[in-house]
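Asker: Please see the structure below; I have some questions.
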Amino acid sequence: MKSAVITGASRGIGKACAIRLAKDGYAVVINYSRSEAEAQSVLDTIKANGGEGMIYRADVTDPDQAKALIRDADKAYGGIDVLVNNAGMVKDAYLLMLENTALDKCFDLNVKGYFYCAQAAALKMFRKKSGVIINMSSVSGEMALAGQSIYSATKGAINSMTRVLAKELGERGIRVNAIAPGFIETEMIDVLPPDKKEEYLKAIPMHRFGTAEEVANVVSVLASDASSYITGQIITMDGGLSL
Ligand code: NAP
C-alpha cells in the first residue's frame, strides 16, 4: 500500500488532503501539533470509509520531531510515497505593527518546517527512486497583498525551494511541486474581518472562496501518475484572483 504524510492535517486543507488521499488508496499519516482530538476525528472518518492511516504528533518546526515523523511513517508503511508539506500559519499585519517574533514564528513553520520534512522524506524516497513532494504555498507567494509582508515572503521562499528541489531530485525519480491557493474557506481565513472578506470576494472573478476539497483534488492529481511529467511547478488555484 502506498503511503502519504500530510503535515497539519487536523483541520482545514490538510484534513481534506488526508481524506482525499485515503480515498485514493494511500495509508495516510495525519500530522498535528496540538489538536489531537481533531486529528483523531479525521482518522475516524477515514477508517469509517474503509481507509487506512495513523495520527502523529510532531511540531514540524523542531527538526528532530520532523525527522521522527518521517522516520516513523516510513517504518509503519515501508516507505513514503507522498509528502504534503501543508502545516502553515499566517501573520497578517502592516509593516509597522509587526514584531520580530512574528517573523521568526512564520519562517519557522512555513519555511523551515517544510525544509526539515522535505529533507527527511527525500532521504527515504531515494531508496525507492520515486516519490512526490507537494508544498502548500499560496497565491501570496507571487501576489502582493497589503498586510502580508511576512507571509508572502515565506510563500515566495517555498516557491523558490520547490523549483530548486525539483531540479535536485528529478534524477532520483522524485517530483516536487507546489500549489498556490487563493482564499480557501478554513479557520485561517475565518479571522478576516467581514469588510475584508467582502473586499476580497469582489476582487475574485469567480466571486467565491475556494474549498479545502478543491485544493485536495489538485493534491490528488499531483500525487498521482496522471502528472508523472510535472515537476518544479507552482499550480495557482485562486478563482482568478491573481489575474
Ligand atoms: P489551518 O486551518 O490554520 O490549519 C493549520 C494546520 O497546521 C492545523 O492542522 C494545525 O494543527 C497544523 N499546525 C500548526 N502548527 C503546526 C506545527 N508546528 N507542527 C505541525 N502542525 C502544525 O490552515 P489552512 O487554512 O488549512 O492552511 C493550510 C496551508 O495552506 C498553509 O500552509 C497555508 O499557508 C496554506 N494556504 C491556506 C489558504 C487559506 O485561505 N486557508 C490559502 C493559501 C494557502 P494543530 O492545531 O494540531 O497545531
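The values are calculated or read from the model by the stated rules, or taken from the named source; none is laboratory data. All figures in this text were calculated on a predicted structure; none of them were measured in a lab. In this analysis, Cβ positions are derived from the backbone assuming ideal geometry, glycine residues included, and neighbour counts consider all displayed protein chains.
Asker: Which fully enclosed helices (runs of 4 or more DSSP H) of the range 181-243 have 3 or more residues being closer than 17 Å to Leu83 by Cα and either more than 12 Å from the ligand (Cβ to nearest atom) or not aromatic (Phe, Trp, Tyr) (or both)? Before you say what the answer is, go through the steps one by one.
Answerer: On the way: elements: 187-190, 194-203, 212-223.
Qualifying helices (runs of 4 or more DSSP H): 212-223.
Asker: Could you tell me whether Ser160 is closer than 19 Å to Val191 by Cα and at pLDDT 95 or above? Quick ask: steps written out before the conclusion?
Answerer: Working: closer than 19 Å to Val191 by Cα: no; at pLDDT 95 or above: yes.
Spelling it out, it is not the case that Ser160 is closer than 19 Å to Val191 by Cα and at pLDDT 95 or above.
Asker: Any residue at all in the range 166-173 that's in contact with a helix residue (DSSP H, G or I) (Cβ under 7 Å, 6 or more places away or on another chain), assigned to a helix (DSSP H, G or I) and basic (Lys, Arg)? Let's see the steps before the verdict.
Answerer: First, pick out the residues of the range 166-173 that are in contact with a helix residue (DSSP H, G or I) (Cβ under 7 Å, 6 or more places away or on another chain): 169, 172.
Restricting the remaining residues to those that are assigned to a helix (DSSP H, G or I) gives 169, 172.
The next check asks that each one be basic (Lys, Arg); those that pass are 172.
So far as the range 166-173 goes, yes, one or more of its residues are in contact with a helix residue (DSSP H, G or I) (Cβ under 7 Å, 6 or more places away or on another chain), assigned to a helix (DSSP H, G or I) and basic (Lys, Arg).
Asker: How many residues, within the range 166-207, are free of Cβ contacts under 8 Å to residues at least 60 places away in the same chain, crowded, with 21+ Cβ neighbours inside 10 Å and not small (Gly, Ala, Ser)?
Answerer: The qualifying residues number 6.
Asker: Please name all residue pairs, on different chains or six or more residues apart, with Cβ atoms under 6 Å, provided the first residue is in the range 10-31 and is more than 7 Å from the ligand (Cβ to nearest atom) and the second residue is assigned to a helix (DSSP H, G or I) and hydroxyl-bearing (Ser, Thr, Tyr).
Answerer: So the pair list comes out as Arg20/Ser220; Asp24/Ser220; Ala27/Tyr77.
Asker: Can you tell which of Asp74, Asp44 is under 18 Å from Ser3 (Cβ atoms) and away from the ligand (no atom under 13 Å from the Cβ)?
Answerer: Working: Asp44 fails: under 18 Å from Ser3 (Cβ atoms).
Matching residue, one of Asp74, Asp44: Asp74.
Asker: Name the residues in the range 208-243 that are without any contact (Cβ under 8 Å) to a residue 24 or more places away in the chain and either on the phi > 0 side of the Ramachandran plot or not hydrophobic (A, V, I, L, M, F, W, C) (or both), would you?
Answerer: The first filter runs over the range 208-243 and keeps only residues without any contact (Cβ under 8 Å) to a residue 24 or more places away in the chain, leaving 221, 225-226, 229.
If the condition is that a residue be without any contact (Cβ under 8 Å) to a residue 24 or more places away in the chain and either on the phi > 0 side of the Ramachandran plot or not hydrophobic (A, V, I, L, M, F, W, C) (or both), then Asp225, Tyr229 are the ones that fit.
Asker: Then there's this: Looking at (1) closer than 17 Å to Tyr151 by Cβ; (2) assigned to a helix (DSSP H, G or I), which is the only condition Cys117 fails?
Answerer: Result: Cys117 passes all but (1).
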